[in-house]
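A.B. asks: One structure follows; several queries about it will come next.
What follows is calculated from the coordinates using simple rules that are stated; it is not laboratory data. Keep in mind that this is a model prediction, so the values were computed, not measured. Here Cβ is always computed from backbone atoms with ideal geometry, including for glycine, and neighbour counts include all displayed protein chains.
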Amino acid sequence: MDGDQIGTEDFFTVAGKRFRSRLLVGTGKYKDFTETARAIEASGAEIVTVAVRRVNVSDPKQPMLMDFVDPKKYTYLPNTAGCYTAQDAVRTLRLAREAGGWNLVKLEVLGDQKTLYPNMVETLSATEALIKDGFDVMVYCSDDPIMAKKLEDMGCCAIMPLGSLIGSGLGIQSPVNIRLIIEAAKVPVLVDAGVGTASDAAIAMELGCDGLLMNTAIAAAKDPIRMARAMKLAVEAGRLAYLAGRIPKKLYADPSSPLGGLI
Amino acid sequence: MQIVLNGETRTVAAGLTVTGLLAELGIDARKVAVERNLEIVPKSVFAATALAEGDRLEIVHFIGGG
């Protein structure tokens with residue numbers, strides 16, 4: 001899907017809300033909340049993912065994410081990271097909705113600890129429960145075009161196939177599948193997970209996806225703030241290249257200078 | 001009476017409400033969600049919800065995550 005355009009302004013719409021930045025970032029793995037806040041700022045992201053965890057009741061005065069990353073400025077997207085069953089995921093997001101007061105969530109139900117690959121059976125089951133309960137579900141999923149379509153048909157507001165395994169930095173391993181998912185989808189498709197560096201982000205955007213979600217590639221870079229900026233530029237560059245329309249690949253050369261008038 | 005709070009047994013005053021518990025713990029009620037015996041306790045009824053012996057409570061908030 002191309003995304004909507006008004007003049008030179010390019011944005012995508014999810015759950016009825018417009019977002020100009022096509023880069024969504026996670027808030028985990030940073031050295032402290034100050035670094036988190038600076039990296040998010042540099043990334044230009046408008047949506048940030050957050051996890052739901054127990055409050056440390058023995059030391060409730062510990063700094064909280066909300067004190068550094070303003071939920072009025074950024075759209076918090078609660079996730080279900082660490083959930084391996086539909087039941088746990090639904091329970092977590094019901095708590096998230098109560099904590100935050102909004103319906104937009106990221107569902108991810110993991111299949112195993114070594115790969116963190118999505119468990120699609122549990123994901124489908126959780127999706128059904130959440131949609132019934134009025135949630136706007138952005139769903140992390142396998143890069144299977146049939147599964148992606150199924151999730152869209154069930155009512156998910158965004159489909160988020162993995163580029164490669166979470167935190168792996170292996171980039172877009174199945175560009176053909178991602179492309180097939182994008183072509184079939186009527187809701188935004190965002191590549192979630194696997195980006196290692198800026199070129200991976202550009203490749204994903206050049207495939208025509210509506211956005212990109214990443215965390216480790218920025219947070220675990222040697223200089224997260226600089227990498228956040230690199231990702232912002234890469235997402236913009238990839239998007240522009242997609243809209244501009246690349247030249248076809250050819251086997252042989254095609255001279256850039258005119259042949260007429262050669263001495 | 002005893003309750004289980006975030007997985008740990010804790011002794012609290014009989015009749016304590018959710019609002020009372022959060023105040024006792026020094027937790028800002030606006031920044032958390034509370035689950036009691038697997039049911040969400042809406043913020044609007046924190047003050048009216050009295051805890052009972054053996055209640056299992058979860059108090060959660062948003063932290064950094066991907």
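A.B. asks: How much FRET efficiency would the formula 1/(1 + (r/R0)^6) give for A:L233 and B:M1, where r is the Cβ-Cβ distance and R0 is 35 Å, rounded to 0.05?
C.D. replies: Approximately 0.05, to the nearest 0.05.
A.B. asks: Can you spot the aspartates and glutamates whose alpha carbon is less than 18 Å from A:K249's alpha carbon? Ignore those fewer than 8 places along the same chain.
C.D. replies: Hits, sequence-local ones excluded: A:E206.
A.B. asks: Cα to Cα, under 17 Å, and not fewer than 8 places away if on the same chain: which lysines meet these conditions relative to A:K132?
C.D. replies: A:K106, A:K150
A.B. asks: Counting only residues 5 or more places away or on other chains, whose amide H sits under 5 Å from the amide H of B:T17 once H atoms are built in the peptide plane?
C.D. replies: Excluding prolines and chain starts, which carry no amide H, the hits are B:L51.
A.B. asks: Label A:R246 and A:I146 with points 7 Å out from Cα along Cα→Cβ: what is the distance between them in nm?
C.D. replies: Those two pseudo-labels are separated by 2.9 nm.
A.B. asks: Related question: What are the ³J(HN,Hα) values, in whole Hz, obtained from phi via the Karplus relation 6.51 cos²θ - 1.76 cosθ + 1.60 with θ = phi - 60°, for each residue of segment A:113-120 in sequence order, with x given for Gly and Pro?
C.D. replies: Each residue of segment A:113-120 in turn: 6, 6, 10, 6, 5, x, 8, 6 Hz.
A.B. asks: If you don't mind, there's one more thing I want to ask. Taking chain A as a Gaussian network, Cα atoms linked when under 10 Å apart, which of A:T85, A:T49, A:T115 shows the biggest mean-square fluctuation?
C.D. replies: Taking springs between Cα atoms under 10 Å, the residue moving most is A:T115.
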